[in-house]
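Student: Just passing along the structure, written as structure tokens.
The values are calculated or read from the model by the stated rules, or taken from the named source; none is laboratory data. Computed from a predicted structure; not experimentally measured. With ideal geometry, Cβ positions are generated from the backbone for all residues, glycine too; neighbour counts draw on all protein chains shown.
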Amino acid sequence: MTDQSSFFAHPTAVIDEGCEIGAGTKIWHFSHIMPHCRLGQNCNIGQNVVVSPEVVLGNNVKVQNNVSIYTGVSCGDDVFLGPSCVFTNVINPRSAVNRRGEYARTHVGTGASIGANATIVCGHDIGQFAFIGAGAVVTKNVPDYALVVGNPARQTGWMSEYGQKLTFDKEGYGSCPESGQKYQLINGRVSRIA
């Protein structure tokens, strides 16, 4: 296990042997960090969070209270996981059928945000800087910068890296109203250009 002097863990947190936890990370009340998971530097793990074996979180990941992150999930840097959001890892679970060898993978891209009470059905990746609305149920891959809401989640627009809704002119150019960053929409894909 990582040197415990490099991160903070509340006395009620349970941290199993074999974890890697980056410097500056904080783990709060009643959270359980299970074996062989990797948490990057400067993460914030809220209260009553479960991080299952072999989960990988990048640097500066913010995990709010009551989140369940199951085996098969990985997150890039600067990901935000809202209160009570949940990931699944088996498509067709049954109590009497062991499907541990069938965990489906899910990756959450750098800078993405997942809203409160959202559910990410396993095997579907979330693109970089995507924004998943509160309560959404994600049942397919989400493109970079996409805004998706509802059950099942449907794309309703595009978001900037600052979390502001983007609008595009007829040539496919747009800018973030907060940062001024420039974006381009080509063939249903958004990329930052400046």
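Student: Here is a check on your reading of the model: is Gly172 touching a residue at least 24 places away in the same chain (Cβ under 8 Å) and at positive phi?
Tutor: no
Student: Right, something else. If a residue has to be more than 12 Å from the chain's Cα centre (by Cα), of a type outside the set (S, T, N, Q) and at negative phi to count, how many in segment 92-123 make the cut?
Tutor: Within segment 92-123, residues that are more than 12 Å from the chain's Cα centre (by Cα), of a type outside the set (S, T, N, Q) and at negative phi number 13.
Student: Considering segment 87-98 alone, what residues qualify as being buried (at least 17 other Cβ atoms within 10 Å of the Cβ) and not in a loop (DSSP other than H, G, I, E, B)?
Tutor: The first filter runs over segment 87-98 and keeps only residues buried (at least 17 other Cβ atoms within 10 Å of the Cβ), leaving 87-90.
Phe87, the sole residue that qualifies.
Student: Picking from Pro53, Pro35, Pro11, which residue would you name as being over 17 Å from Asp78 (Cβ atoms), assigned by TED's automatic domain parsing to the domain that holds Val108 and free of Cβ contacts under 8 Å to residues at least 12 places away in the same chain?
Tutor: Values: Pro53 fails: free of Cβ contacts under 8 Å to residues at least 12 places away in the same chain; Pro35 fails: free of Cβ contacts under 8 Å to residues at least 12 places away in the same chain.
Going through Pro53, Pro35, Pro11 in turn, the sole match is Pro11.
Student: Kindly indicate the residue of segment 1-30 that is in contact with a strand residue (DSSP E or B) (Cβ under 9 Å, 6 or more places away or on another chain) and assigned to a helix (DSSP H, G or I) and also nearest to Lys62 (Cα to Cα) among those meeting that condition.
Tutor: Per the criteria, the residue is Ser6.
Student: Under 7 Å between Cβ atoms, which residue pairs at least 6 apart in sequence (or on different chains) link something in segment 65-76 that is under 7 Å from Val108 (Cβ atoms) and modelled with pLDDT of 95 or more with a partner that is of a type in the set (Gly, Ala, Ser) and surrounded by 24 or more Cβ atoms within 10 Å (Cβ to Cβ)?
Tutor: Short answer, once both residue conditions are applied: none.
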